[in-house]
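The values are calculated or read from the model by the stated rules, or taken from the named source; none is laboratory data. These figures come from a predicted structure and were not determined experimentally. Every residue, glycine as well, gets a Cβ built from its backbone with ideal geometry; the counts of neighbours run over all protein chains shown.
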Amino acid sequence: MDIIFDELISSFIDHKIGLKDAFFPEKLAKDLTNYLKSLYEENLLRSARIGANHLETLDKTIRKDYIYWLDKGHDNTIEDDFFLLIDEFVQYLNRYCYAGIVDYEFHFAYYEPGSFYKRHVDQFQNNNQRKYTFICYLNENWQKGDGGELNAYLNNETIQIEPQYNRAVFFKSDEIEHEVLVAKKDRLSITGWFKVTNL
Ligand code: OGA
Ligand code: NI
């Protein structure tokens, strides 16, 4: 996986927004996609909230997606395979980038048609542990017109990213303002944050 990690991180270093297509091994991407679809069909996703810890609020004018937190304790082989790969990525980040990652958190996200996430940064005001944001899209046949693009706002520039299947995105959580445009079709992704200590 190191070559794939290298490509994502070189792109991040060059452009502040790292992009890498075909990020997960094909089978894992497919397994994650089918797993998310089955969780959705079984009604196991929950409305996403804004804010951290006890200050969470549910405001559907800011974001309107459904999420499912992944957890090693679920004893699910697909989640386990995913976390093995993420652990490799953490080792890579700490070894080659001295990133100091000590923890992470990941969830699936499901945007139904009409859903969006208004412009924001991913770091909470009362907690600066989230250092890097990672997203990978799981939309098998995303076409122009399907909506749900990610807009990332750099100084004078807006970068628009199409949520193409198995495309990974990586950026600094406290630095990059971003927004998910209204999805016209179901929009699937896995999103997470690599964390450093709070000190
Ligand atoms: C988020 C987010 C972007 C995306 O979950 O914080 O901004 O493209 N997601 O899904
Ligand atoms: Ni975000």
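Rundown of residues vs (1) over 24 Å from residue 170 (Cα atoms); (2) among the basic types (Lys, Arg); (3) within 18 Å of the chain's Cα centre (by Cα), yes/no style:
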| position | (1), (2), (3) |
| --- | --- |
| 2 | no, no, no |
| 17 | no, no, yes |
| 20 | no, yes, yes |
| 23 | no, no, yes |
| 27 | no, yes, no |
| 36 | no, no, yes |
| 41 | yes, no, no |
| 50 | no, no, yes |
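Could you figure out which of (1) within 15 Å of ligand 2 (Cβ to nearest atom); (2) surrounded by 13 or more Cβ atoms within 10 Å (Cβ to Cβ); (3) modelled with pLDDT under 95 isn't true of residue 125?
Here residue 125 meets the rest and fails (2).
Assess whether residue 186 counts as being modelled with pLDDT of 95 or more and surrounded by fewer than 17 Cβ atoms within 10 Å (Cβ to Cβ).
Yes; evaluated as a whole, the condition is true for this residue.
Cβ contacts < 6 Å: first residue modelled with pLDDT of 95 or more and within 14 Å of ligand 1 (Cβ to nearest atom), restricted to the stretch 151-166; second residue part of a strand (DSSP E or B) and among the acidic types (Asp, Glu), any location; separation 6+ or different chain. Result?
Final answer for the pair search is 151/179; 153/177.
Within the stretch 18-59, track down each residue that is surrounded by 12 or more Cβ atoms within 10 Å (Cβ to Cβ), among the basic types (Lys, Arg) and more than 16 Å from ligand 2 (Cβ to nearest atom).
Answer for the stretch 18-59, where residues must be surrounded by 12 or more Cβ atoms within 10 Å (Cβ to Cβ), among the basic types (Lys, Arg) and more than 16 Å from ligand 2 (Cβ to nearest atom): 20, 30, 37, 46.
Are any residues in the stretch 30-48 among the hydrophobic types (A, V, I, L, M, F, W, C) and within 16 Å of ligand 1 (Cβ to nearest atom), and if so, which ones?
Matches in the stretch 30-48: 32, 36, 45, 48.
For residues that are surrounded by fewer than 16 Cβ atoms within 10 Å (Cβ to Cβ) and closer than 27 Å to residue 38 by Cβ, tally how many sit in the stretch 165-180.
Residues that pass the stated criteria total 0.
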